[in-house]
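The values are calculated or read from the model by the stated rules, or taken from the named source; none is laboratory data. These numbers were taken from a predicted model, which means no experiment stands behind them. Backbone-built Cβ (ideal geometry, glycine too); neighbour counts: all protein chains shown. Areas reflect the complete protein model, heavy atoms only, side chains present, ligands, DNA and RNA absent. Shrake-Rupley method; radii C 1.70, N 1.55, O 1.52, S 1.80 Å.
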Amino acid sequence: METIRKEKERNARLHRNTKKLPIIEGTSQNCDFTGYDADTLMKETARLRKLVTKRGTLEILIPLCCTTNPVRYIKFRNTLKGFSSKTLAIRLKELEKGGILERHAYNEIPPRVEYNLTNKGQELVESVINLLQWMRKWSF
């Protein structure tokens with residue numbers, strides 16, 4: 001129960017600290033993006049695109065979105081055929097640094113490392129799933 005309360009408090013702090021995109025004054029709000037500065041949106045989408053479109057990012061997120069259990073490094077190695085260990089390790093570190101994944105290393109022999117999606121990562125996966133559903137609907 002204590003863990004759930006702490007998680008809710010952490011989520012509320014993160015939500016308060018979320019940067020909002022600036023809106024240009026004096027514009028009508030007919031569309032979700034009407035009034036936003038196009039240059040700012042382009043910069044924001046470029047950062048997101050760099051993270052999401054890197055080779056292996058989506059392939060790493062898929063096993064994590066299909067379970068609430070942590071996923072072990074070895075599961076990624078076995079699932080992601082054609083990826084070098086180096087590429088996988090780099091991508092996992094980038095996702096961890098971006099706040100998408102949480103890494104838990106255990107002091108055991110053999111070493112055990114597990115990954116979970118953060119709340120930020122869960123929202124990203126939900127967005128990707130919505131995008132995939134949109135693509136399926138419109139037959140891309």
Any hit, the stretch 102-116, residues being among the polar types (S, T, N, Q) and part of a strand (DSSP E or B): yes
Residue that is farthest from residue 60 (Cα to Cα) [pool: residues in the stretch 75-84 that are part of a helix (DSSP H, G or I) and free of Cβ contacts under 8 Å to residues at least 12 places away in the same chain]: 78
Flag for residue 125 being touching a strand residue (DSSP E or B) at 6+ places or on another chain (Cβ under 8 Å) and more than 26 Å from residue 47 (Cα to Cα): no
Pair list, Cβ under 7 Å, 6 or more apart: the stretch 50-62 residue at positive phi, other residue open to solvent by less than 80 Å² (accessible area, probe 1.4 Å) and of a type in the set (D, E, K, R): 56/91
Residue check for residue 12: modelled with pLDDT of 90 or more and either loosely packed, with under 15 Cβ neighbours inside 10 Å or out of contact with any Leu (no Cβ under 9 Å at 6 or more places or on another chain) (or both): no
Scan of the stretch 57-91 for residues that are open to solvent by less than 40 Å² (accessible area, probe 1.4 Å) and under 15 Å from residue 124 (Cα atoms), ordered by number: 57, 60, 61, 63, 64
Which numbered condition residue 125 fails, given (1) closer than 18 Å to residue 56 by Cβ; (2) without any contact (Cβ under 8 Å) to a residue 60 or more places away in the chain: (2)
Pair list, Cβ < 7 Å and 6+ apart or interchain, from the stretch 85-110 residues that are closer than 18 Å to residue 59 by Cβ to residues that are among the small types (Gly, Ala, Ser): 87/56; 88/56; 91/56; 100/121; 101/121
